[in-house]
Amino acid sequence: MPKDFISLADWPAEDLLALLDRAREFKRLDREGKRPQTLQGRTLAMFFEKPSLRTHVTFEAGVTQLGGHAILLQPDQVGIGTRETPADVARNLSLWVDGLVARTYSHELLEELAQSAGIAVINGLTDLLHPCQVMADLQTMAERVELKDASIAYVGDGNNMANSLLNGAAVLGLDLRLATPASHRPAARIRQAADRLATRSGARLSWTEDPREAVRGANFIYTDVWTSMGQEDESELRRQVFAAYQVNDALLEEAPDAWVMHCLPAHRGEEITDSVLDGERSIVFDQAENRLHVQKAILERLLSHKN
């Protein structure tokens, strides 16, 4: 079992499916008012460079519900790169806590923390990947169709969400169609690694510039913001580049049975319209709820013993 949860590409399919099974069980137990105290006495440090609602609340609530405790660390408090090196921060935290969730701009910083830490390091989001979100997405999909039969269309920017969906689909052997402008495809290194994984899993990964082509016959239509944190100076240019990639009622006509997904927060009126986001085919708040359950499964798996 990997020590860390950095990328879905690091984990075997059977382990990811086991985490999804446990997340499903946690959700059932929560409905019954039962919360197993499997992390009693465990402590999770949470380092956040970026603003957060879902990641912060679901990780802190999740470890608390399992009997553990969370400590929030702010960038100016820790001073990575100014007061101390990432390696020294990781070594210190390894002496005191059982795990670290890090939400950083740089993926390399997260990897450096994981390399130096003696404890589990969990990717709470980087500019490259967002694996915990995709685990919640997979749980949400599995509640509606058999995952092996799922057909997913991603429409918009080839960002960290597209990268992580590629990883998840490649490991689990899913059908993922990406619709992005040619100038904004997912990262080349992620595409290449996903293609290698797909040869073993049988995943069907495809790309097109035409969102209508991607969504036809899909079970799920997924989108994300066109302008991510740190790209605000590009927002007007990005609105022009992605104008044809809006998930709206007209696009949904190409896939009359598809559910609509978004990792949130949404820029309403840009990548998705209000009528779609709030419509009867939207399952975005199921995704948000499942962040709690799937992250509890990840925390339990990694923090129930010190690595």
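Some observations on this one:
- Only Lys, Arg, Asp and Glu carry charge here, each on its Cβ (+1 for the first two, -1 for the last two); on that basis the chain has a dipole of about 1000 debye about its Cα centre.
- Among residues other than L66 with Cβ under 12 Å from its Cβ, the summed charge is +2 (Lys and Arg +1, Asp and Glu -1).
- Both numbers refer to the Cα atoms of the chain; Rg and Dmax are 18.8, 55 Å.
- Max mean-square fluctuation residue, GNM over the chain, Cα-Cα springs under 10 Å, options P86, P12, P181: P12
- Region 136-192 - convex hull of the alpha-carbon atoms, volume per residue in Å³: 75
- Other residues whose C-beta falls under 12 angstrom from the C-beta of L197 contribute a net charge of +1, scoring Lys and Arg +1 and Asp and Glu -1.
- If the Kirkwood radius is taken over C-alpha pairs of region 1-91, then at 25 °C and 0.890 mPa s the Stokes-Einstein diffusion coefficient equals 159 µm²/s.
- Qualifying aspartates and glutamates (Cα of each under 13 Å from Cα of K3; at least 8 residues distant if same chain): D15, D98, E111, E300
- All other residues whose Cβ lies under 11 angstrom from that of L19 are scored, Lys and Arg at +1 and Asp and Glu at -1, for a net of -1.
- Of the residues L19, L72, L128, the one that moves most in a GNM of the chain with alpha-carbon contacts below 10 Å is L72.
- Dipole of region 145-282, positive end: most advanced residue of V155, L174, W226 [Cβ charges, Cα centre]: L174
- Computed from the C-alpha gyration tensor, the three semi-axes of the ellipsoid equivalent to region 202-284 are 21, 16, 12 Å, from longest to shortest.
- Of all the options S282, S228, S183, the one that moves most in a Gaussian network model of the chain with Cα springs shorter than 10 angstrom is S183.
- Principal axes of region 145-282: Cα extent on each, largest first, Å: 40, 33, 23
- Since only L129, T55, G33 are under comparison, the one whose Cα sits farthest along the positive direction of the charge dipole of region 1-158, derived from C-beta charges on Lys, Arg, Asp and Glu, is G33.
- Each peptide in 27-39, 156-168, 235-247 receives the mean, over its residues, of other Cβ atoms within 10 Å, and ordering these scores from highest gives 156-168, 235-247, 27-39.
- Partner aspartates and glutamates whose Cα lies under 13 Å from the Cα of K27, excluding those fewer than 8 positions away in the same chain, are identified as E143, D286, E289.
- Residues whose amide H falls under 5 Å from that of W259, counting only those 5 or more places apart or on a different chain, are F220, I221, with hydrogens built in the peptide plane.
- Kirkwood-based shape ratio for region 169-237, expressed as Rg/Rh from alpha carbons: 1.01
FYI, it's all coordinate maths here, none of it is from the lab. It should be emphasised that the depicted structure is a prediction, and the values quoted were computed from it without experimental measurement. For neighbour counting, all protein chains shown are included, and Cβ atoms are generated from backbone atoms with ideal geometry for every residue, glycine included.
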